[in-house]
Amino acid sequence: MRRHLHKGGAICILLAGIATLPLVANAEVSRGQILASTCFACHGTDGKSPGTIPAIAGYPPEVLERQLKGFRDGSRAATVMDRHAKGYTDEEIKLLSEYLGTLK
Amino acid sequence: MTQISRRNFIKTVGAGGALGLFGLAGCGSDNGGSAARAKVVIIGGGPGGATCAKYLKRFDSDIEVTLVEPNASYTTCFGSNWVLGGLANMDDIVQGYDALKTTYGVTIVQDSVTEIDPAARKVTLTNGDTLPYDRLVVSPGIDFRWETVEGLDASTASAIPHAWKAGEQTRILRRQLEAMDDGGVFVMCAPGNPFRCPPGPYERAGMVAHYLKQHKPRSKVLILDAKDGFSKQGLFQAGWKELYGDMIEWVPGSQGGMVDRVDVNTRTAYSDGGLNEFKADVLNFIPRQKAGAIAHVAGLTNDDGWCPVDQQTFESTIHPGIHVIGDASVAGAMPKSGHSANSQGKIAAAAIVLGLQERPMITPSHVNTCYSLVGPDYGISVAAVYHYDEGGIKGVAGAGGVSPADAGPQFRQQEADYARGWYASITQDIWR
């Protein structure tokens, strides 16, 4: 997770008291993150499901990628994931799997 | 993510001595530089607004996020049919704002916005206070077009409930069902498109039938529909037949289902200019809908009563600087659902954060999954994946669709389990 500091290389330096400084943010919003965020409604925020739907946080990316492709081509049984997986390209599956793999 | 940011901040300060580094909006933005943090105000603490608040903070904890919501808690419409069926209690579908406040640092203001000033970029609350914003998110949900039915208005909703905003309305309808005699007729009038939760009326029919089958088995469920077809129709009708026999009857709009007048005192619905008359013991009228009131006050709506937006960023095409999400927005192929609102809340948050960073928007991707219970152990679903393409949100060809028609009981049971799992997950993803 890389931190984004400043736009356009400009740096604002404040000499005011540290105590009043806000938290400095943050990671760049990435395409993998955006794609993976759509999983969270059913699988819980950051893939940590609180209920009956399987958790997906921290899966090894290559395993997740293989499973999603299995849902997509029908070789892996599913109730709804086959219908979802058909909506993603190889590249999108790779990006979101890589992002989910970073979550603990 | 907040914690990571804190650590990073400490490292930054540690390395830079007494010099603090201001990120993003603090530098040369149009908010004057003194407060130096971008301000985002969100109107509405439902699935759209609450998700957007949480994800703004997750994407950039430096942004000041203020959520304005009149109620201390939110009762979800999703799950409210389960309360009517006796599968859940009201307490099970109430969500609070504590986690948004304490875990994510969102400021919660329990009040209503009476006015939006898009030019001065501020909103006014009922107490007269104003809140300035750099970006405003409007997630007001729906309001009802009472003028489209004769005999009903907001004041009659305690006698003829809509129960299409959950809470007291859900309680009223449940009490009426409990008070109904065995052999009575429950009549539900389903609205024309577009409306909140397309499968909702039909899930409700099954849940009411489940309750009646157990407690008042001679009763009937009659659906008078303004439409000639509905979401997951084949699956619902097959499920009704299997679980409830002939208890549920559906009347399409072209065959007398389009109710245009109601007599509140006799609980009678009339269609086709009085040609057809339906006497109910419990009458549940779900009116036609439009965007929530503040969207109209602020001039964010089109002639149809909904809010047109840039479907990539959800920024209003009428007032720049204001994003409209959830049921109130015109969101291409996406249905008006809690799941859609959740997805849109994330994309609007990303659009705002990237915009403040002067970065290009990432092409958004959305998902919608609507689970419905036909019975306690009988779940069905419709799913779709959406991409932004050529100016609009479109369903990805070949993806999505409904549960298989020929699935066995184990599949239906599993989808019923996932329906409950979906509720647990999405409410966590929105409010916690």
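The values are calculated or read from the model by the stated rules, or taken from the named source; none is laboratory data. No experiment lies behind these values; they were computed from the predicted model shown. Backbone-built Cβ (ideal geometry, glycine too); neighbour counts: all protein chains shown. Accessible surface is based on the protein model in full, side chains and every heavy atom, while ligands, DNA and RNA are left aside. Shrake-Rupley method; radii C 1.70, N 1.55, O 1.52, S 1.80 Å.
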(request) Go through (1) farther than 19 Å from residue B:171 by Cα; (2) free of Cβ contacts under 8 Å to residues at least 40 places away in the same chain; (3) out of contact with any strand residue (DSSP E or B) (no Cβ under 8 Å at 6 or more places or on another chain) and name the single condition residue B:220 misses. (result) (3)
(request) Could you list all residues from the stretch B:91-133 that are aliphatic (A, V, I, L, M), touching a helix residue (DSSP H, G or I) at 6+ places or on another chain (Cβ under 6 Å) and open to solvent by 30 Å² or more (accessible area, probe 1.4 Å)? (result) B:108
(request) State whether one or more residues within the stretch B:318-338 are more than 30 Å from residue B:73 (Cβ to Cβ) and either open to solvent by less than 10 Å² (accessible area, probe 1.4 Å) or out of contact with any strand residue (DSSP E or B) (no Cβ under 9 Å at 6 or more places or on another chain) (or both). (result) yes
(request) Could you list, in sequence order, all residues of the stretch B:157-178 that are under 26 Å from residue B:277 (Cβ atoms) and touching a residue at least 40 places away in the same chain (Cβ under 8 Å)? (result) B:159, B:160, B:161, B:162, B:163, B:164, B:173, B:176, B:177
(request) Write out, first by first residue and then by second, each pair whose Cβ atoms fall under 7 Å of each other, whose residues are 6+ apart or on separate chains, and whose first residue, in the stretch A:58-76, is without any contact (Cβ under 8 Å) to a residue 24 or more places away in the chain while the second is surrounded by fewer than 19 Cβ atoms within 10 Å (Cβ to Cβ) and aliphatic (A, V, I, L, M). (result) A:71/A:78; A:71/A:81
(message) I need the full set of residues from the stretch B:211-228 which are open to solvent by 30 Å² or more (accessible area, probe 1.4 Å) and within 25 Å of the chain's Cα centre (by Cα), in order please.
(response) B:228
(request) Write out, first by first residue and then by second, each pair whose Cβ atoms fall under 6 Å of each other, whose residues are 6+ apart or on separate chains, and whose first residue, in the stretch B:342-353, is facing chain A (nearest Cβ under 9 Å) and under 24 Å from residue B:424 (Cβ atoms) while the second is part of a helix (DSSP H, G or I) and open to solvent by 10 Å² or more (accessible area, probe 1.4 Å). (result) B:342/B:47
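Might you check whether a residue that is assigned to a helix (DSSP H, G or I), in the same structural domain as residue B:283 (by TED's automatic domain parsing) and open to solvent by less than 20 Å² (accessible area, probe 1.4 Å) occurs anywhere in the stretch B:237-245? Outline the logic, then answer.
Initially, the stretch B:237-245 is screened for residues assigned to a helix (DSSP H, G or I), giving B:237-244.
Within this subset, residues satisfying the condition of being in the same structural domain as residue B:283 (by TED's automatic domain parsing) are B:237-244.
Now drop any that are not open to solvent by less than 20 Å² (accessible area, probe 1.4 Å), which leaves B:239-240.
Looking through the stretch B:237-245, at least one residue is assigned to a helix (DSSP H, G or I), in the same structural domain as residue B:283 (by TED's automatic domain parsing) and open to solvent by less than 20 Å² (accessible area, probe 1.4 Å).
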(request) For the stretch A:33-40, state whether one or more residues are open to solvent by 30 Å² or more (accessible area, probe 1.4 Å), touching a Gly at 6+ places or on another chain (Cβ under 8 Å) and assigned to a helix (DSSP H, G or I). (result) no
(request) Check off (1) closer than 20 Å to residue B:53 by Cα; (2) within 12 Å of another protein chain (Cβ to nearest Cβ); (3) out of contact with any Asp or Glu (no Cβ under 9 Å at 6 or more places or on another chain); (4) open to solvent by 10 Å² or more (accessible area, probe 1.4 Å) for residue B:356 and give me the number that stays unchecked. (result) (3)
(message) Going by what's in this entry, would residue B:175 be described as at pLDDT 95 or above, among the basic types (Lys, Arg) and either open to solvent by 30 Å² or more (accessible area, probe 1.4 Å) or more than 25 Å from the chain's Cα centre (by Cα) (or both)?
(response) yes
(message) Just to verify a result, which residue in the stretch B:134-150, among those that are over 21 Å from residue B:47 (Cβ atoms) and in contact with a strand residue (DSSP E or B) (Cβ under 7 Å, 6 or more places away or on another chain), is least open to solvent (accessible area, probe 1.4 Å)?
(response) B:149
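Does at least one position in the stretch B:182-191 carry a residue that is open to solvent by less than 10 Å² (accessible area, probe 1.4 Å), within 30 Å of residue B:322 (Cβ to Cβ) and not assigned by TED's automatic domain parsing to the domain that holds residue B:315? Even if it seems obvious, please write down each step before you answer.
In the first step, residues of the stretch B:182-191 are kept if they are open to solvent by less than 10 Å² (accessible area, probe 1.4 Å); the result is B:184, B:186-191.
Then keep just the ones that are within 30 Å of residue B:322 (Cβ to Cβ); that gives B:191.
In the following step, the residues that additionally are not assigned by TED's automatic domain parsing to the domain that holds residue B:315 were identified as B:191.
Yes; the residues of the stretch B:182-191 include at least one that is open to solvent by less than 10 Å² (accessible area, probe 1.4 Å), within 30 Å of residue B:322 (Cβ to Cβ) and not assigned by TED's automatic domain parsing to the domain that holds residue B:315.
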(message) Quick check on my filter: what residues within the stretch B:371-394 are among the small types (Gly, Ala, Ser), farther than 15 Å from residue A:35 by Cα and touching a residue at least 24 places away in the same chain (Cβ under 8 Å)?
(response) B:372, B:375, B:379, B:381, B:391, B:392
(request) Scan the stretch B:406-432 for residues that are more than 16 Å from residue A:46 (Cβ to Cβ) and either of a type in the set (Asp, Glu) or assigned by TED's automatic domain parsing to the domain that holds residue B:340 (or both) and report the count. (result) 3
(request) Considering every residue within the stretch A:43-56, establish whether at least one is in contact with a Gly (Cβ under 7 Å, 6 or more places away or on another chain) and assigned to a helix (DSSP H, G or I). (result) no
(message) Quick check on this structure: which one of B:290, B:346, B:279 is surrounded by fewer than 24 Cβ atoms within 10 Å (Cβ to Cβ), of a type outside the set (S, T, N, Q) and within 15 Å of the chain's Cα centre (by Cα)?
(response) B:290
(request) Go through the stretch B:376-432 residue by residue and tally those that are more than 8 Å from every other protein chain (Cβ to nearest Cβ) and in a helix (DSSP H, G or I). (result) 9
